[in-house]
Amino acid sequence: MKALVAENISKIYRKGSIGSGSLAKELESSIKGIFHKKSNEIIEKHFHKSLDQINFEIEDGDRVGIIGKNGAGKSTLLKIISRITTPTHGKIKGHGRVASLLEVGTGFHPELTGLENIFLNGSIIGMKNSEIKANLDSIISFSGVESYINTPVKRYSSGMYVRLAFSIAAHLQSEILIVDEVLAVGDLEFQKMCLDKMKELSVSEGKTIMFVSHNLNSVSTLCNNSMLLESGKLLQFGKTEEVINTYIQKNSISKPLNERTDIRGNQKIRLTQFRWFNQNEQIIVSGKDTFLELTLFSSLTQTTNVDISVPIDHQEGFRISILNNTLISQSCLVKQGENIITFKISNLPLPMGVYPCTFYLASSGEIFEWIKDAFNLEVFGESYYPNGNSLPKKQGFVYLPFSINSD
Amino acid sequence: MKDDWEFDEKGNSIKLSFKELFGRSNLLWMLIKRDFISYYKQTVLGPLWILLQPLFSSLIFGLVFGKFGKFGSNGMPISQFYLSGFILWGFFAECITKTSSLFRDNMNLFGKVYFPRIIIPIGIIGSALIRLFLQLILLMIITIWLSFNGIEFKWGLQLLFLPISILMIAMLGLGFGLIVASATTRYRDLALIINFGLQLLLFSTTVIYPASSLPPPYSFIVELNPISVCIDMFRIGFGAPNNIKLSSILVSAFFLIVSPILGYTLFHKVEKNFIDTI
């Protein structure tokens, strides 16, 4: 049985301001609209296709991840499925109740207590009073805020707020659950709890789940199928593993190396391939030993004393560090034909994010290849410290290995 | 399968919206409750404000127009005349101001979760009705107190005018509120007009003086105003003489039918994707 079927969904937004403000302009544009049929050019200029003819079918009990860059249309798709806005064209069919958790604590009123908000939020997301009462104990204990349940939620920490909100949503007896990066909030332990709960719901109750996240790690743990969106188009829909691979391939490089025109150097030795991986996986996570495998092709017989550098930049533009063989006094030798060189970074100390990497290859003053921002290192998840905690937001851009010795 | 659903660019059908609405009565109740609890939290006088607002307005306007201005009170005691006027006017003003800003006030809610949107304006009318009911009790107490002081009050069929006039003014408040709410998603100017427009409108109704106290062309305008008709009917319930003209009744009947229908139609058109434009 299909839980959800999308037929040819498009969503078109008008660029610029809507309702130009002055009545005269409004009239002008509506008169223009009558006399001139909209040409494609005008549509291109004034409208933006946020979603472009999306088709998919989701089976009952599927856990579907939606991945894609910012602006790919993920949120728009979720908004349409959860009926917050209508598609410009196309149709959505489904069966069963849809519960969407696009935000934590939608409709929570700061002045009301946790308990009052359970009833309020529960009824907003579509629970019946009897349902809320029957699940009340379970909701409270899962949220872990028992002792504050009669306190107004304005005094809650953001973590407590999220826990309570998720707990309510998880108890909604819906057939389809839609979640949008809510899990980005809350600590790692709670995130894991949510993922487990969602998986449990899906497996034991046959709940269909759609999950949007930038954290590929979470997507790959939770979802059996995934869809990849790129500028409003559905690029791929299939097994999560395959979709994630495509996404990483597409993302790790801004432009294919052989299409680049800004490469400096005589290219007697060239970079043909590169690959970031850890323990046979392509999902890079901070804290794990991470490898960069470079494939070089040389047209020279043999080159000694090569200097291979991979500077790693922060997205904000400054250089974080550099991988370089001469730095650790390791001499490298490049034979004729194909060579594979692998760098290893122990316990990758970089938090989640995208890091542009430059490639530089030279030997005794002769530059073979110098490619600025040749490829990216994309870190998809964090587990640097053994307890799984991540760096607090805005508290730095690198992990330091440290320990504490008291006495 | 019974839970099958389907929707496209047209959004929900009107039939479906109402079907869903009946399944969500607990949400309606929760919204009214939230409105009440949150409104009076951290105020010293709490719900007492519900009674103080019309009392103070009646006192000031009663003094200025009734006592100093000698506009008369259509044969009713001044206190009863002004309080009845302001109770109903306050109800109408609350319905229309809150309804007209409902898209802005609930943007966050509408942007994150789906429920039949019409619940929000119905909830607004609902909580305004509760306040009106409490104020009505106050008015009753005053009426009974007056009857002990020699001003006779007849319990009879004319009391039926109370629920009828309340229903009428609720429909007008909802209708005009929805029209303005739908229009403000495109033209914000209307939101600004509402407050100031209501102040002006107050002076063209019989809230603060009986129509009979004005010279002919002006009294005619005030009489035709559907709000005046509602307020005069409300006062008949409290024993005021029935001098509503047929022309006034026809005019208000017209607004009574047109405004809720137009309001709901516009609202239905806007609700499905206003979130993209606001």
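One table, with the values for the structure above:
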quantity	calculated
Computed E for A:T151/A:Q173 - FRET, C-beta separation, R0 30 angstrom, nearest 0.05	0.65
Relative contact order (percent, whole number), chain A, Cα cutoff 8 Å, 6+ residue spacing	15 percent
Inter-label distance, nm, simple model (7 Å from Cα along the C-beta direction), B:Y40/A:E293	7.2 nm
Heavy-atom accessible area ranking, 1.4 Å probe, most first, across A:T88, A:T113, B:T99, A:T301	A:T301, A:T88, A:T113, B:T99
In Hz, Karplus ³J(HN,Hα) per residue of segment B:232-238 (6.51, -1.76, 1.60; θ = phi - 60°; x = Gly, Pro)	5, 5, 4, 5, 4, x, 9
Kirkwood hydrodynamic radius of the protein assembly as shown, Cα pairs, Å	30.1 Å
Residues with amide H under 5 Å from that of A:T151, placed H, sequence gap 5 or more	A:G114, A:L115
Solvent-accessible area of A:S218 with every protein chain in place, 1.4 Å probe, in Å² to the nearest 10	20 Å²
Among A:62-69, B:190-197, B:270-277, the order from most to least packed when residues are scored by Cβ within 10 Å on average	A:62-69, B:270-277, B:190-197
Restraint check, A:K128/B:K41; A:K197/B:K33; A:K91/B:K269, Cα-Cα greater than 24 Å	A:K128/B:K41; A:K197/B:K33
Candidates per trypsin sites (Lys or Arg not before Pro) in segment B:150-241, loop by DSSP, up to 10 other Cβ within 10 Å	B:K154
Segment B:82-134 and segment A:273-312: distance between their alpha carbon centers, rounded to Å	64 Å
Per-residue HN-Hα couplings for segment B:265-270 [Karplus 6.51, -1.76, 1.60; θ = phi - 60°; Hz; x = Gly/Pro]	4, 5, 4, 5, 6, 7
Share antiparallel - DSSP beta bridges, segment A:53-209, percent rounded to 5	10 percent
Relative contact order, percent, segment A:257-382 [alpha-carbon distance under 8 Å, six or more residues apart]	32 percent
Residue-wise HN-Hα coupling along segment B:182-190, computed from phi with Karplus coefficients 6.51, -1.76, 1.60 (Hz; x: Gly, Pro)	5, 6, 5, 5, 9, 10, 5, 3, 4
Per DSSP, loop chymotrypsin sites (Phe, Trp or Tyr not before Pro) in segment A:336-406 with at most 10 further Cβ within 10 Å	A:F402
In Å², nearest 10: area of A:M160 left accessible to a 1.4 Å probe	40 Å²
Gap separating the Cα centres of segment B:224-238 and segment A:129-175, nearest whole Å	48 Å
Shape category assigned to segment B:152-234 from the gyration tensor of Cα positions, a/c cut at 1.5	oblate
Average Cα contact separation per residue, segment A:116-205, under 8 Å, 6 or more apart, as relative contact order %	28 percent
Mean ellipticity per residue at 222 nm, deg cm²/dmol - from DSSP H runs of n ≥ 4 across chain A, formula -39500 (n - 2.57)	-8000 deg cm²/dmol
Shape call, segment B:14-276: gyration tensor on alpha carbons, a/c limit 1.5	prolate
Residue-level accessible surface for B:L129, protein heavy atoms, 1.4 Å, Å²	70 Å²
Shape category assigned to chain A from the gyration tensor of Cα positions, a/c cut at 1.5	oblate
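The values are calculated or read from the model by the stated rules, or taken from the named source; none is laboratory data. Quick caveat: nothing in here was measured; it's all calculated off a predicted structure. Here Cβ is always computed from backbone atoms with ideal geometry, including for glycine, and neighbour counts include all displayed protein chains. Remember, those area values only see protein heavy atoms, side chains included, never the ligands or the DNA or RNA. Shrake-Rupley method; radii C 1.70, N 1.55, O 1.52, S 1.80 Å.
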